[in-house]
Amino acid sequence: MKIRVTINGKSYSHDVEPRLLLIHYLREVVGLTGSHVGCETSLCGACTVELNGKAVKSCTMFAVQADGASVVTVEGLATDGKLHPVQEAFWNEHGLQCGFCTPGMIMASKQILDRTPKPTEEEIRHGLEGNVCRCTGYQHIVNAVKAAAAGAGK
Amino acid sequence: MATTMTQTETFVGKRVRRREDPRLITGTATYVEDIQMPGMHYAVIVRSPHAAARIRSIKTKQAEAAPGVVAVYTGKDTERVGPVPCGASLPGLRVPHHHVLATDRVYFVGHPVAVVVATDRYLARDAADLVEVDYDVLPAVADPEKALAKGAPAVHPEWPDNTAFTFHQEGGDVDKAFAEADLVVKQRMTSQRLIPMALETRGVVAEWRGADRQLNLYTSTQIPHLVRTLVAQMLSLEENRMRVVTPEVGGGFGSKLNVYAEEALMGFVAMKINKPVKWIESRRENFLCTIHGRGHVDYYEVAAKRDGTILGIKLKIIQDLGAYHQLLTPAIPTLSVLMMPGLYKTKNVRADIVGVFTNCMPTDAYRGAGRPEATHGIERMVDLLADELKMDPAEIRLKNFVGKDEFPYATATGLMYDSGDYAAPLKKALEIVGYQKLRQEQIEARKQGKWMGIGISTYGEICAIGPSPATPAGGWESATVKIEPSGKVTVMTGACPHGQGEETTFAQITADELGVGLDDVLVIRGDTAIVQYGIGTFGSRATAIGGTALYFALQDLKAKIKKFGAMLLESEDVTFSAGQVTCNRTGKSKSLQEIAGASYRALKLPPETEPGLLATRFWEPPNFTFPFGAHIVVSDIDGETGQIKIRRYVAVDDCGNMINPLLVDGQVHGGVAQGLGQALWEQVVYDDNGQLVTGELMDYAVPRAHMMPWIENDHTTTPSPVNPLGVKGVGEAGTIGCSPAVVNSVVDALSPLGVRHIDMPLTPEKIWKLIAGGN
Ligand code: FES
Ligand code: FES
């Protein structure tokens, strides 16, 4: 099936199998390997991308369902070589160790801040419920989201 | 060209943000799954759905004929591939032959039976369903205590007692200690099987360059060089014809401190089809077929005097080994034995281990590896003793600690504790948490029928693993430092960081020693074609051993830099500091950059000095290091639901000197999360037939952000005398310190009901039943 998708502001068109998962489309067809596969069962959040402004788990969607949509992946966050405030905050606050969950975490964190610019700690933790990190114990991730929120308010 | 900055700013001890992060936060890092090569093929492994069965036949015709399929291999094809290695050796150890693909029998659910190779990953998956295996299902046993019972099904028919080994260790005079005791407390406790669950599953890309006889293996591992040595052996390939590359690794926690069947199998496939092949483990496979951790049943007895002095400890460990030995499987419980006295002075210990085969995935090193089990045991027992004697749990610990003036301290299990002040972190933690006030509050809470508990754990650990005689493969670590002609510095470490941040901490050490900027230093790891032989990252060893190897390589270079500087300055009286060699008489100086250039240009050389600036060190540590600390947990329990709420979590750790406290905190947080996972939520469940019930993230509860308490962490600093950096290691501390503090807290909360012990995980159901039953 032919699909047209805008990814990180660039438009792509591909002929794909109907059963191709969106995550595999992004990673293997488009070549954006920033989003990861941690479970393939929508339980870990490593594959989180933004679809029409909403964070989705790209392992539980088919590529054909993204036809006509606009997708943002972690690779699309930095502009003109300048990191997105959430990326910068993850770096400053040591919000990552092995980094495998990080692209998904950053996308989920961005979504939290898009919805709630000044989230409480509880709101942050709640907003990250769908994303597993096995390395950090989440504390520095929570700090990163707080820092990004504080920075954006300046 | 950027010039090498000489500077006086130092970096060790500072909360420097990590240098590896830019690629990770922008999604541009390369993990195994991200590797693409022209002509890449994809492998899917057909695995046994039964825990024990004879294979009558395997039919591959249909799969072979499926679209995209280029080959299907079974155990017959791989018979010549060497067995999956067990590196541990114990007297009388029974080692089953562990083929990469099953030949005539399968021994656990997930046992690899065949591999399907296709041009596309979806097609490979489709074809895997077409492989027909005819099984004659046999009775299985999944519980280690049941496996020891008479008449239990034999996991390996040649060993009907299911016993892989027994192990005995004794120190002091245990019988005398128990005879003289005023009281003996006894408890059976379990340390349940866990799934390490690195977020990146395992994965392998193998590429065979036939004309060069060169196998390139990209694998998500903690030990690239050991994988090269051992997989080359399995494939009968010359070791120097194999290159192992460890790209970015998405977490390991011990689960990638191993050599797996699939690593050799992909090498085999690539050599057969002459094309690159990729295998990426699914999460379900990861739960089934990557090593599990823990799996203990422990029987403890502690003898004591009425004043709380511990006189002796007896411990019997039943270790669930699973169906095979992976790299270190049988060695793990021996670490529990070494650690069994904890931080306490008793010299009389007796331990017996029975290693038991079950029809399950092998257990092996998972964060802490044997030490969390031991710490959980002794810390629970000390609380039981305190309870029996109506002593305060803090007081009984302070009474029995090895004193701070007794180091180095020889333990009953043959260790030499390097340095310590065990009371310091406990006192600090008690102060932070406000212990006395909390005990007052608890009295009030109890009057109101509330369940509130305070739990203490004071842990010690064996880190910087470890001197070579104590390890199966060499316990040293290596480092090479090259100062390039431009003065830029390249470090190659034999350690294999995968989240721990040595690209940063090693740059900090290097920058300080050479007086250059962090940006002048590049740290390379994880490629056997580039980096000198190394051991790898596990057992909290990378900084303490690998960092020390680096330190000594830097000292060698500094001496050489001084020689070149002295030559260029035509002076004997020079000092090297802040990236400059300076003549003490004239004050004239030469920068590192000038010296590096001159050393490679080599127009003139100092006496008996070779051109260039390169040094390699392999550092053998004289001892382990022994970090320690105290964790305190305050919990509130909802009597209606059995839910445990952790109100406070205080962790005071002493890991010696800290190179980067920001990263140390991260290690503690992550370690505590895994300890809490064990204490409260995680547990591997196999049913009686050996089916894995907790086979997906849906059924196996790892901690998520909303489940974690805020961790208040702090430190005391007792440098290690074992290495010149004074560091001890911190990778496992959080995990080791955590679980007993949590369980002690919950048992403390429920003690008015007469509750003495609860096995992990402390599920709401268990807690609710205790409260409902007790009221
Ligand atoms: S890979 Fe999509 S949620 Fe885990
Ligand atoms: S940083 Fe490793 S899983 Fe989150």
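Read-outs throughout are calculated quantities, based only on the coordinates presented, and are distinct from any laboratory measurement. Just so it is clear, the model here is predicted, and its values are computed rather than measured. Because the Cβ atoms are built from the backbone with ideal geometry, glycine has one as well, and the counts that use them run over all protein chains shown.
Which of B:T543, B:Q440, B:A51 sits closest to the plus end of the dipole of the protein assembly as shown, meaning its Cα is farthest towards the positive end, when Lys and Arg get +1 and Asp and Glu get -1 on the C-beta?
Value: B:T543.
Please compute the Kirkwood hydrodynamic radius over region A:85-152, one decimal place, Å, based on all pairs of different Cα atoms.
Evaluated over region A:85-152, this radius sits at 11.3 Å.
For chain A, modelled as a GNM with alpha-carbon contacts under 10 angstrom, which of A:H126, A:H36, A:H84 fluctuates the most?
Top of the fluctuation ranking is A:H126.
Please list, or write none, the lysines whose alpha carbon is within less than 18 Å of the alpha carbon of B:K450, excluding same-chain residues fewer than 8 places away.
B:K437, B:K645, B:K766, B:K769
If you take every DSSP beta bridge fully contained in the protein assembly as shown, what fraction is antiparallel? Give it as a percent rounded to 5.
80 percent
Specify the longest stretch of chain B that does not include any exposed loop site, a site being one of the trypsin sites (Lys or Arg not before Pro) with a non-H, G, I, E, B DSSP assignment and at most 11 other Cβ atoms within 10 Å.
B:391-584
Mean projection of the alpha-carbon convex hull of region B:1-91 over all orientations, in nm²? Can you show the working numbers first?
Working: hull surface 64.3 nm².
Here the figure is 16.1 nm², rounded to one decimal.
Ordered by residue, what ³J(HN,Hα) values in Hz, to whole numbers, does region A:47-61 give under the Karplus form 6.51 cos²θ - 1.76 cosθ + 1.60, where θ = phi - 60° and Gly and Pro are x?
9, 4, 9, 9, 10, 6, x, 10, 6, 9, 8, 6, 8, 10, 10
Viscosity 1.567 mPa s, temperature 4 °C: give me the Stokes-Einstein translational D for chain B in µm²/s, with Rh taken as the Kirkwood radius over C-alpha pairs.
The Stokes-Einstein estimate is 47 µm²/s.
So how far, in whole Å, is the C-alpha centre of region B:412-480 from the one of region B:670-735?
14 Å
Counting pairs of alpha carbon atoms under 8 Å apart in space and at least six apart in sequence, what relative contact order in percent does chain B give?
Numbers: 1992 pairs, mean separation 123.7, N = 775.
Relative contact order of chain B: 16 percent.
Straight-line reach from B:K588: which aspartates and glutamates have Cα under 14 Å away, leaving out those fewer than 8 places along the same chain?
B:E570, B:E572, B:D573
List the GluC sites (Glu not before Pro) in region A:77-153 that DSSP assigns to loop (not H, G, I, E or B) and whose Cβ has at most 13 other Cβ atoms within 10 Å. Which are they?
Passing both the DSSP loop test and the Cβ count: A:E129.
Bin width 10 Å, origin at 0, all Cα-Cα pairs of region B:424-517: what percent of pairs per bin?
The calculated distribution, bin by bin, is 11, 23, 19, 18, 16, 10, 3, 0.
Loop-only GluC sites (Glu not before Pro) in region B:563-643, please: DSSP not H, G, I, E or B, and at most 14 other Cβ atoms within 10 Å.
Numbers: sites: B:E570, B:E572, B:E594, B:E608, B:E640; in loops: B:E570, B:E572, B:E608, B:E640.
Sites meeting the loop and neighbour criteria: B:E570, B:E572, B:E608, B:E640.
Residue-wise, which Karplus ³J(HN,Hα) couplings in Hz belong to region B:477-494, taking 6.51 cos²θ - 1.76 cosθ + 1.60, θ = phi - 60°, and x for glycine or proline?
Each residue's phi maps through the Karplus curve to give 8, 10, 8, 10, 10, 10, 9, 6, x, 7, x, 6, 10, 10, 10, 10, 10, x Hz.
Within a 10 angstrom radius of the beta carbon, how do B:I736, B:I535 rank from fewest other beta carbons to most?
Sorted ascending by nearby Cβ count, the order is B:I535, B:I736.
What is the distance in Å between the Cα centroid of region A:106-130 and that of region B:393-410?
45 Å
Using alpha carbon centroids, what distance separates region B:88-154 and region B:585-644, in Å?
44 Å
Go through B:T290, B:M658, B:I462 and say which Cα lies farthest out towards the positive end of the charge dipole of the protein assembly as shown; charges sit on Cβ, +1 for Lys and Arg, -1 for Asp and Glu.
Checked the options; the winner is B:M658.
Counting only C-alpha contacts under 8 Å and six or more residues apart, can you give the relative contact order of chain A as a whole percent?
24 percent
Show log10 I(q)/I(0) for region A:2-76 at q = 0.24 Å⁻¹, two decimals, from a solvent-free Debye sum over equal Cα scatterers.
So the normalised log intensities are -1.10.
Kirkwood Rh over alpha-carbon pairs of region B:540-687, then Stokes-Einstein at 37 °C and 0.692 mPa s: what D in µm² s⁻¹, rounded to an integer? All intermediate terms of the calculation are to be shown ahead of the outcome.
Values: Rh = 20.3 Å.
The diffusion coefficient I find is 161 µm²/s.
List the GluC sites (Glu not before Pro) within region B:177-243 that fall in a DSSP loop (any state other than H, G, I, E or B) and whose Cβ has at most 16 other Cβ atoms within 10 Å.
Those satisfying the criteria are B:E238.
Based on alpha-carbon positions alone, could you give the equivalent ellipsoid semi-axes of chain A from the gyration tensor, as √(5λ), descending, whole Å?
Working: eigenvalues 145, 52, 34 Å².
Equivalent ellipsoid of chain A: 27, 16, 13 Å, largest first.
Counting only other residues whose beta carbon sits under 12 Å from that of B:Y366, what net charge do I get with K and R as +1, D and E as -1?
Here the count lands on +2.
Under a 5 Å amide H to amide H cut-off, with H placed in plane at 1.01 Å, what residues pair with A:H84 once short-range neighbours are removed?
Long-range HN contacts for A:H84: A:A78, A:T79.
Is it possible to state the helix-based mean residue ellipticity at 222 nm for chain B, with each DSSP H run of 4+ residues giving -39500 (n - 2.57), the sum divided by total residues, to the nearest 500 deg cm²/dmol? What is it?
Computed mean residue ellipticity for chain B: -8500 deg cm²/dmol.
What would the Debye equation give as log₁₀ I(q)/I(0) for the protein assembly as shown at q = 0.09 Å⁻¹, counting only Cα atoms as equal point scatterers?
Per q value, in the given order, log10 I(q)/I(0) is -0.98.
Largest first, please: the extent of the C-alpha atoms of region B:707-772 along each principal axis, to the nearest Å.
Taking max minus min along each principal axis of the Cα atoms, region B:707-772 gives 56, 25, 18 Å.
Which lysines does B:K347 reach when only Cα atoms under 23 Å apart count, and residues fewer than 8 places away in its own chain are ignored?
Within the straight-line limit of under 23 Å, B:K347 reaches these lysines: B:K176, B:K186, B:K305, B:K314, B:K316, B:K399, B:K404.
Taking θ = phi - 60°, what integer Hz values does the Karplus form 6.51 cos²θ - 1.76 cosθ + 1.60 yield along region B:109-120, in sequence order, with x for Gly and Pro?
5, x, 3, x, 10, 8, 10, 10, 10, 9, 7, 9
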